[in-house]
Amino acid sequence: MNNLVMQIKWDGEILRLAASSKSIAAAALYAAATLAHAETNADSTAGVKILDTVTVTATRRSEPVQKVPVAVSVVTGADMARSNSNNVQSLITQVPELTFKPSLSSKDETLTIRGIGTNSTSPGVEPSVSTVIDGVVYARPGQATLDLLNVDHVEILRGAQGTLFGKNSTAGVINVVTNDPSKTTTGYVDTQIYQGGEQRVSAGVATTLIPGLLTGSFSALYGRYDGNVTNIHTGEEINGYNHKGFRAKFVLTPNQDIKATFIADYMHAHDSFASGVIGEATNPLFGVALSPVVPGMGNRTVNYPYGPAELDTNWGLSAQVDWNLGHGYTLTSISAYRQWLNTQYTDEAFVPTLYTAIPAENDRGYVGFTQLSQELRLTSPKGGFFDYVAGLYVQHTQDNENYNRAEYSCLNSTLPGVAPGLTPCAAGASTIVPTTGDAVFNTLTNSIAAYGEGTFHITPRLRLIAGVRVTHDQVGYDFNRTSTSAVAVPGVNPSFASSGFTDANGISGRLGLQFDLASNVMVYAMYSHGYKGPAINTFFNMQQRDTTALKPEGSNSYEIGLKTQTPDHRWTANLALYDAHYTNYQANFFDTVAGQVVTRLINAGSVATKGIELDVGARPVTGLTLKGGLALSDARVEQFACPVGAQASCNVNGTRLPFAPTFRTNISADYRHPLPLGPELELYANYFWQAREQFSLPATTTTEQGAYGILNASVALNFDSGWRVALIGKNLLNKSYVEAMANGTGYVAIAVPRDASRYFGVQLRKDFF
């Protein structure tokens, strides 16, 4: 961190950013002096409200975000509702450090923070970004990709958080906090209608069920969307969704020392994702076969006979008991059970006709996943020389999967060719060879950990933070694949069976200093060591080379931060500089099996990410709130460990990691002003911009997207009676972009986001008090 230098290239231009620890320290001292002087000369502006105090649980306590020595971004539930953000992956336009990697199924989707994230189809690996909802850790990232309900706020904790939030948070944590039920009766009904056949209806109620003893809340939603991709073979719109679910929360307070919170949630999704949108035909014959589909980055059509779809059912129960033991000590118990069922139907034929040069393929997959977890946590009082949080955590998961793939290859045909080397095939006129592979596999994991983190208040201004987590992991699997072919064919390996077990012990921890330069200025310096457990690459095309367990992933990160706020609480600026190095990094590597591109989960060697982040907030005049952030990052492969039997190039040292653009920024403005006739006028706008992005490792020219920016805005009238009427515009500049690009055999497939083009919607909401 003594000399952090990054080179960021945009369209041939190079921006060199050199930041040394000395210059940062000088800037911090200057800011401290300025604000300390401002404290004694504060001149409040009459009529201008201060910024809202944001309280987070980033340290497993409820504390103001400006007081915690953690780089954290906060998005409120109101901000999400205003921008039609309904899940954690939609937050990427509001949090520059967060990126999202979509896939053909939610079970394979991944969030990344600071360019770091683990994406794999294997159930035997953990994510690097942990998702926590109301204190419950979601073991697999696919569980957390469905709609959120009744959100109070979302905290995005950046960097390794393994001490307090668990071993699978080497890159960061998405911490979702929902609203507690109110004692007074409240409710709402919210209806939103958008172009493209999108409709969303949500409603909720909260009240006291037994005075002085029990409060409860219930919220539900229904949402549907036709989609923005046309399957010209059937004439149907796809890439849409149909979601419905509920969340119930009850708070029991039998006395003043005990608070028990019970939560039940359920969400069902039926999505028609577009698996075969072709952005480029790298094989000209494939481009001819696609007709009338025209490949291109703006392509929004497919042409295949099967209807790709995904079914998700995600539900769970949890109980949290907070017991005041007296003298400021609190004992917390969080017990949780979750179940996740996922079924996917994938069509990778892409063309309705079988050709001699182009095999056809379709998949059927099923996931049945359960998890049990128990956490006990003791929180000490604050105000003395030493305060702490300590606990025990146990988690058990069981994953059962069945994956079927049907492959059709045409060896010869008597039909006339449509182009040189491209001949259609049909039964009776061709030699068609079908191959079917069926894999049944299960994975079991157990994890137990003890952790503790303490703060030593050395002086009223200086604090020392030290924490450690000790973890024991167990991972076991059984795998059996049968194939109708004795040799490998594109997409299907021969029959194979295997089973195995591995375990490991790991240590996470952090050590740092926190110092108050002034009452509203805090600096911190932190060293963190992260650990992510061993993994086994259990997937449909598993073969002998994949049976060796992956080593645990480790990380060492260094971070210095500055958190400032003016004495009148109208301006806030938080700065963080970080430098993190990962060893035995668990990542996907694009390889080739029997002539088809596949992904292999490997220990990819060592990678590093370093950068600068800035979060700002302001309320300069009455009614206007500004928020913004930027992230400059450099996430690269340091030393790549080429896997045994690799067919693809391993020359990737120094290559930027996928889904890790060098620069991302966003700014939002919220202006509210009462009109003469009574209602409040609300104007909101958010602009997000990012530099070019590579989607593949190894990097290829066909999987790189140029820089782009997205502008969203809304205008609303808020009435004292609780009514709200709003017009919402998404991607107002009509910028066409994609969420992902992947090389296939003869083509480049692209993932089309919901806001790939401009669209509008209206909202009608009624709040009951």
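Values computed for the structure shown
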item	result
Candidates Asp503, Asp516 - the one that is over 29 Å from the mean Cα position of the chain (by Cα) and either crowded, with 21+ Cβ neighbours inside 10 Å or farther than 30 Å from Glu407 by Cα (or both)	Asp516
Asn556, sole failed condition from (1) within 26 Å of His472 (Cβ to Cβ); (2) over 21 Å from the mean Cα position of the chain (by Cα); (3) surrounded by 20 or more Cβ atoms within 10 Å (Cβ to Cβ)	(3)
Matching residues, the stretch 499-544, being assigned to a strand (DSSP E or B), of a type in the set (A, V, I, L, M) and more than 18 Å from Lys563 (Cα to Cα)	Ala504, Ile507, Leu511, Ala535
Which numbered condition Glu407 misses (of (1) out of contact with any Ser or Thr (no Cβ under 6 Å at 6 or more places or on another chain); (2) buried (at least 21 other Cβ atoms within 10 Å of the Cβ); (3) over 27 Å from Thr471 (Cα atoms))	(1)
Candidate set from the stretch 656-678 (those that are assigned to a loop (DSSP other than H, G, I, E, B) and out of contact with any Ser or Thr (no Cβ under 7 Å at 6 or more places or on another chain)); member that is surrounded by the most Cβ atoms within 10 Å (Cβ to Cβ)	Leu657
Residue within the stretch 263-279 that is over 22 Å from the mean Cα position of the chain (by Cα), farther than 24 Å from Thr353 by Cβ, buried (at least 18 other Cβ atoms within 10 Å of the Cβ) and touching a residue at least 24 places away in the same chain (Cβ under 8 Å) present	yes
Where a residue in the stretch 483-504 is free of Cβ contacts under 8 Å to residues at least 24 places away in the same chain and its partner, wherever it lies, is among the polar types (S, T, N, Q) and part of a strand (DSSP E or B), with Cβ under 8 Å and at least six apart	Pro494/Ser483; Ser495/Thr482; Ser495/Ser483; Ala497/Asn480
Condition met for Val440 (of a type in the set (A, V, I, L, M), at pLDDT 95 or above, within 25 Å of Gly368 (Cα to Cα) and assigned to a strand (DSSP E or B))	yes
Tabulated pairs, the stretch 403-422, first in contact (Cβ under 8 Å) with a residue 60 or more places away in the chain, second acidic (Asp, Glu), C-beta under 6 angstrom, 6+ apart or interchain	Arg405/Asp363; Glu407/Glu361
Of all residues making up the stretch 217-231, the number that are in a strand (DSSP E or B) and within 19 Å of Gly296 (Cβ to Cβ)	3
Search result, residues across the stretch 172-205 that are hydrophobic (A, V, I, L, M, F, W, C) and out of contact with any Leu (no Cβ under 9 Å at 6 or more places or on another chain)	Val177, Val205
Residue in the stretch 542-551 that is farther than 29 Å from Val129 by Cβ and either buried (at least 19 other Cβ atoms within 10 Å of the Cβ) or modelled with pLDDT of 95 or more (or both) present	no
Residues located in the stretch 387-414, provided they are touching a Gly at 6+ places or on another chain (Cβ under 6 Å) and not acidic (Asp, Glu)	Tyr388, Ala390, Asn400, Tyr403, Arg405
Subset of the stretch 259-280 [β-branched (Val, Ile, Thr) and outside any strand (DSSP E or B)]	Val277
Filter result (crowded, with 19+ Cβ neighbours inside 10 Å, closer than 30 Å to Thr745 by Cβ and not aromatic (Phe, Trp, Tyr)) within the stretch 469-489	Arg481, Ser483, Val489
Selection count, the stretch 605-624, where residues are closer than 28 Å to Asn718 by Cα, of a type in the set (Val, Ile, Thr) and touching a residue at least 60 places away in the same chain (Cβ under 8 Å)	2
Residues of the stretch 443-459 that turn out to be outside any strand (DSSP E or B) and in contact with a strand residue (DSSP E or B) (Cβ under 8 Å, 6 or more places away or on another chain), as a count	1
Checklist (1) surrounded by fewer than 21 Cβ atoms within 10 Å (Cβ to Cβ); (2) touching an Asp or Glu at 6+ places or on another chain (Cβ under 8 Å); (3) outside any strand (DSSP E or B) applied to Pro292, failing item	(2)
Qualifying residue in the stretch 507-525 (condition: among the aromatic types (Phe, Trp, Tyr), farther than 23 Å from Lys107 by Cβ and in contact with a Pro (Cβ under 6 Å, 6 or more places away or on another chain))	yes
Subset tally (residues that are assigned to a strand (DSSP E or B), surrounded by 13 or more Cβ atoms within 10 Å (Cβ to Cβ) and either of a type outside the set (Gly, Ala, Ser) or touching a Cys at 6+ places or on another chain (Cβ under 9 Å) (or both)) for the stretch 410-432	6
Selection count, the stretch 227-236, where residues are surrounded by fewer than 18 Cβ atoms within 10 Å (Cβ to Cβ) and either within 19 Å of Ala269 (Cβ to Cβ) or of a type in the set (A, V, I, L, M, F, W, C) (or both)	2
Listing of strands (runs of 3 or more DSSP E) fully contained in the stretch 562-654 that carry 3 or more residues being at pLDDT 90 or above and not aliphatic (A, V, I, L, M)	571-583, 605-618, 624-640
Selection status of Thr234, part of a strand (DSSP E or B) and among the polar types (S, T, N, Q)	no
Of the criteria (1) under 27 Å from the mean Cα position of the chain (by Cα); (2) assigned to a strand (DSSP E or B), which one Leu252 fails	(1)
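So that you can scan it fast, the table gives a plain yes or no per residue for (1) assigned to a loop (DSSP other than H, G, I, E, B); (2) over 13 Å from the mean Cα position of the chain (by Cα); (3) modelled with pLDDT under 90; (4) of a type in the set (Gly, Ala, Ser):
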| position | (1), (2), (3), (4) |
| --- | --- |
| Pro127 | yes, no, yes, no |
| Val132 | no, no, no, no |
| Val137 | no, yes, no, no |
| Ala160 | yes, yes, yes, yes |
| Thr170 | yes, yes, yes, no |
| Val173 | no, no, no, no |
| Ser182 | yes, yes, no, yes |
| Ile193 | no, yes, no, no |
| Arg200 | no, yes, no, no |
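The values are calculated or read from the model by the stated rules, or taken from the named source; none is laboratory data. The shown structure was predicted, so the numbers you read here are calculated from the model rather than taken from an experiment. Cβ sites come from the backbone with ideal geometry, for glycine too, and all protein chains shown count toward neighbours.
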